[in-house]
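Scroll down for the structure; my scribbles are underneath it.
The values are calculated or read from the model by the stated rules, or taken from the named source; none is laboratory data. Quick caveat, the model's predicted, so the values are computed rather than measured. Quick reminder, even Gly has a Cβ in these numbers, built from the backbone with ideal geometry, and neighbours come from all protein chains shown. Ligands, DNA and RNA are excluded from the accessible area calculation, which covers all protein heavy atoms including side chains. Shrake-Rupley method; radii C 1.70, N 1.55, O 1.52, S 1.80 Å.
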Amino acid sequence: MAIDRKRSLTFGDALKSSRKTAFSSMIKPIGSACNLDCSYCYYLDKAELYGNRQPKMNDELLEEFVRQYIEANDIPVVSFGWHGGEPLLTGIDYFRKAVEFQNKYKGDKKIENNIQTNGTLLNREWCEFFHENNFLVGVSIDGPKDIHDAHRLDKGGRPTFDKIIENIEMMSLYGVEYNTLSTINNRCEGRGAEVYRFMKSIGSHYMQFLPVVEHTVDVPGHRRAAIVPPGYPGSRLAEWSVTPEGFGRFMSDIFDEWVMSDVGQYYVQLFDVSLAQWHGVPPGLCSFTETCGDAIVVEHNGDVYSCDHYVYPEYKLGNIMEDDMAEMLRSKKQFKFGIDKRNSLPAECLRCKWYFACRGECPKHRFDTAANGEKNLNTLCRGYKLFFSHVDPYMKFMSECLKTKQPPALVMQWARQRMGFM
């Protein structure tokens, strides 16, 4: 009898369902409220789920979230991810209260905090707070001024680049630990090495580059198009979306700069993830795991959703004031959401030589059709194949270094020789 692959369970799935509870939670204390109006932001439109009213998460909800999140994680280090919207709109006293609740409930666990900000609201008081409380600050900046200001404008349509650069310099002066998060949109194509050098020039040693591929519909009376799920009636691929090949070349160009000069000094998330895949260890990023479901999102009113990219009514798991967070995570609904990451892939993905590296990437990008007519092919597939084939020899070299307890940085000399620079 044929096996129904779409409903299959593996031994790994069984282990996952019986292991100790360990998960991450993106907390959005002010929902999607933001002082910017970025054209590609998939989260601004979530305000409509709440009648366009998104008050700040109150102290009672905040304390309940902190308590449940710490208690539900059976691990020694619990990391809080503060996101938005723009979380700094809550005000600094809100985060002082959050740290107070963390200290109240942490017991013998270690608490870590990271916060993602657009960087425009930072000031000396924020910098002092982040430094004193060991917050890791993620700053959203897309690259040089012409790339960044093309899409990251404030509510009045004004550019934000200069203010962010000024505030990054201020964080450096106050000893705040920060990294950068950058989108890869159509303006970035062909400029990977340039963007990478720019990030280095502003002091970023830890970089994330996220491909932007979204669908939009025009809304009468609105300045910006609304971002909707693929297949939404009347939707089209957004004009600022990166092409698959453009994405693959962008990351390959950055890799060439990095592998010859910067291994061990600068860190790019996709390169770390790739090395983990080649070396056969967990990649540490849900997009590249075989199954997902261990990264939920908690909204400003306590609503819990399966994933930050799936804040839609059908993916709501419950509310922390009525339901236990750990039980929501272990629910059949969330378990199915997690294994569907693998089970919904076209058969050609499971046979692909690069499946071990990409695992189909994030389901939010799966809206193309495979050669045999199956749905759910990742739209960035060609780009990932380009990138993985490009980095393959270097990843194998670094993996061998790790196996023999040698530093992966040895790859730099080998790479320079291989590319003809020595």
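Of note:
- Long-range neighbours under 6 Å by Cβ, at least six apart or interchain, first residue more than 16 Å from residue 76 (Cβ to Cβ) within segment 100-120, second open to solvent by 40 Å² or more (accessible area, probe 1.4 Å): 101/63; 114/136; 116/83; 120/163
- The residue that is farthest from residue 230 (Cα to Cα), counting only those in segment 364-378 that are in contact (Cβ under 8 Å) with a residue 40 or more places away in the chain and surrounded by fewer than 21 Cβ atoms within 10 Å (Cβ to Cβ), is 364.
- Qualifying strands (runs of 3 or more DSSP E) (wholly inside segment 280-345; at least 3 residues being touching a residue at least 60 places away in the same chain (Cβ under 8 Å) and either within 15 Å of the chain's Cα centre (by Cα) or surrounded by 17 or more Cβ atoms within 10 Å (Cβ to Cβ) (or both)): 295-298
- Residue 344 being in contact with a Pro (Cβ under 8 Å, 6 or more places away or on another chain) and either over 29 Å from residue 254 (Cα atoms) or among the polar types (S, T, N, Q) (or both): yes
- Scanning segment 143-172 for residues that are part of a helix (DSSP H, G or I) and in contact with an Asp or Glu (Cβ under 6 Å, 6 or more places away or on another chain), we see that the one that is farthest from residue 209 (Cα to Cα) is 161.
- Qualifying residues in segment 149-195 (those that are under 21 Å from the mean Cα position of the chain (by Cα) and polar (S, T, N, Q)) - the one surrounded by the fewest Cβ atoms within 10 Å (Cβ to Cβ): 186
- Count of residues meeting criterion [surrounded by fewer than 21 Cβ atoms within 10 Å (Cβ to Cβ) and within 16 Å of residue 326 (Cα to Cα)] in segment 69-85: 6
- Test: residue 42 is over 18 Å from residue 304 (Cβ atoms), touching a helix residue (DSSP H, G or I) at 6+ places or on another chain (Cβ under 8 Å) and outside any loop (DSSP other than H, G, I, E, B): no
- Contact map, segment 199-217: residues that are more than 22 Å from residue 139 (Cβ to Cβ) paired with residues that are at pLDDT below 95 and charged (D, E, K, R), Cβ distance under 8 Å, separation 6+ or inter-chain. Pairs shown: 215/236; 216/236; 217/236.
- Residues of segment 389-402 that are open to solvent by 60 Å² or more (accessible area, probe 1.4 Å) and free of Cβ contacts under 8 Å to residues at least 24 places away in the same chain: 400 alone.
- Residues being at pLDDT 95 or above, among the hydrophobic types (A, V, I, L, M, F, W, C) and over 19 Å from the mean Cα position of the chain (by Cα) - total across segment 196-226: 2
- Taking the conditions (1) in contact with a Gly (Cβ under 8 Å, 6 or more places away or on another chain); (2) free of Cβ contacts under 8 Å to residues at least 60 places away in the same chain in turn, residue 141 satisfies each one other than (2).
- Residues of segment 242-253 include at least one that is part of a loop (DSSP other than H, G, I, E, B) and modelled with pLDDT of 95 or more.
- With respect to the stated conditions, residue 242 is buried (at least 18 other Cβ atoms within 10 Å of the Cβ) and in contact with a Pro (Cβ under 6 Å, 6 or more places away or on another chain).
Results for (1) modelled with pLDDT of 95 or more; (2) in contact with an Asp or Glu (Cβ under 9 Å, 6 or more places away or on another chain); (3) within 21 Å of residue 286 (Cβ to Cβ), shown as yes or no for each residue.
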{"position": "376", "(1), (2), (3)": "no, yes, yes"}
{"position": "389", "(1), (2), (3)": "yes, no, no"}
{"position": "404", "(1), (2), (3)": "yes, no, no"}
{"position": "420", "(1), (2), (3)": "no, no, no"}
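- Segment 104-142, residues that are outside any strand (DSSP E or B) and surrounded by 22 or more Cβ atoms within 10 Å (Cβ to Cβ): 118, 119, 122, 126, 130, 141, 142
- Going through (1) in a strand (DSSP E or B); (2) open to solvent by 10 Å² or more (accessible area, probe 1.4 Å) one by one, residue 234 falls short only on (1).
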